[in-house]
Every structure is written in structure tokens, then in C-alpha cells.
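Shown next, in C-alpha cells, is the structure this report addresses.
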Amino acid sequence: MGIFDSLKRQAESSIRREASKAVNNAVNSAVQSVGKGRNHSETFTFSTLPISVNELRALPEASLDSAFKTTALTILPLCRYEQDQAAALEMLDFLKGPAEVSTYEKQFIQERLRGKEYKARSFLSGATPENSYQPTTPYTITVSENPYSFDEENWATLYVTSGGADNPRPIKLRKKPSTGQWFLNDIQCLADIRVPVAEDPWA
């Protein structure tokens, strides 16, 4: 009986191990399936930076039929802000859709960019503290998502990569179901970044 009991225990142990493996594999497969496509990024390329709302509207991305497109376009008016605040705000109004840039938002943008206009340029590829945030051309902007970006229906938070920050910075968007378009809701990407080396007394 001792031999049979030992064989029985070994068989039961083997069955439990195989069952545990099967469960773990099923769980991992389910997690990968749910997360699939929820961590990718998209890169947008622009030969020139728009200087007016008409030029912005003429871009293919101005269809605003994806949150990624709207996020990328948000960076362009911010890059224009240093040269022409009125034109930049007009472009942002277009991206806001049914809403418009509020007085608070105008003050917020002004405060965040005053003397630090390089923040906007930092989201263009090639712009780093070492080169005073001068981007390479053609201009490219990388937009990314994470597993939580689209958790709330008709809302999204996507991220833009800055050459002066360790982590991507967020931009919040809202979808208009009747048109399927994504509009800018909140510019959350203008926190401070590393100052240009040329302006850093400790560099």
C-alpha cells in the first residue's frame, strides 16, 4: 500500500502542477489580449509648422478623427505661441471644437510659456537641452497611450514625448460622438523641463 500511496501522491501532485500551468497560461493570454493595442505610439511628421488656423485646418490630421491626431496637432499652436499669440490661440480654439480657450487657460499657457517657450519645441524630435531645443526637420511628434488612456467613454489622456523630460507629458481629450471627432480638453503637458544648457548656470 505504501508504494501505491506514493505513486498516487506523485500523480496528484503532477496533475496539480499541470492544472496550475494551464490556469497561469490562460490568465496571461487574457491579459495580453486585453492590453493588446493599448500601449502603442504614433509618430506624426510635418514639413513645416503652421502659422495660422487655415494652415492648421489644411493638414490631413485636422480631420481630428483620432485622439492621436488631435494630440499631435495641439503641439503646433504651442510652438507658434512665441511668435504670434493670437494665431496660436485661434488654432487652439479650432482644436477645442464646441468649446473655446477660456480666460483661465489663456493665463495658464502664458504663465507656463513666458520665458520658457522652448517647452513647446521640446516635443519636436531632435530638440534637447544641449541644442537649446532646436528640432530636426521635417518636424516629428510622437504620441503614446497607456492601458488607462481610454478608460472613460468619450474621454482620453494621451502623452507626448519631450526631449527635456524623463517621462511623456499628458494631454486630455474629449470625443464628440455625433461626429466621431476628438477635441482638445486640457493641456497638461507644460510642466517645467530641463533648461537649455546655454541658459543653465550649473551646466
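The values are calculated or read from the model by the stated rules, or taken from the named source; none is laboratory data. This structure is a prediction, so every number in the text was calculated from the model and none was measured. Note that we place each Cβ from the backbone using ideal geometry, even for glycine, and neighbour counts take in every protein chain shown.
Things worth noting here:
Yes/no matrix, rows are residues, columns are (1) touching a Cys at 6+ places or on another chain (Cβ under 8 Å); (2) closer than 26 Å to PRO129 by Cβ; (3) not charged (D, E, K, R):
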| position | (1), (2), (3) |
| --- | --- |
| GLY164 | no, yes, yes |
| PRO168 | no, yes, yes |
| ILE171 | yes, yes, yes |
| THR179 | no, no, yes |
| TRP182 | no, no, yes |
| VAL195 | no, yes, yes |
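- Against the criterion of being modelled with pLDDT of 95 or more, closer than 19 Å to PRO77 by Cα and acidic (Asp, Glu), ASP151 does not qualify.
- Some residue of segment 33-51 being farther than 15 Å from ASN146 by Cβ and modelled with pLDDT under 95: yes
- Residue in segment 50-59 that is in contact (Cβ under 8 Å) with a residue 40 or more places away in the chain, closer than 29 Å to ALA198 by Cβ and part of a loop (DSSP other than H, G, I, E, B) present: yes
- Qualifying positions in segment 63-80 - small (Gly, Ala, Ser) and surrounded by 18 or more Cβ atoms within 10 Å (Cβ to Cβ): SER66, ALA67, ALA72
- Screening segment 81-195 for helices (runs of 4 or more DSSP H) wholly inside it with 1 or more residues that are buried (at least 16 other Cβ atoms within 10 Å of the Cβ) and free of Cβ contacts under 8 Å to residues at least 24 places away in the same chain returns the ranges 85-96.
- Meets criteria (modelled with pLDDT of 95 or more and either over 23 Å from the mean Cα position of the chain (by Cα) or more than 26 Å from TYR133 (Cβ to Cβ) (or both)) for LEU64: yes
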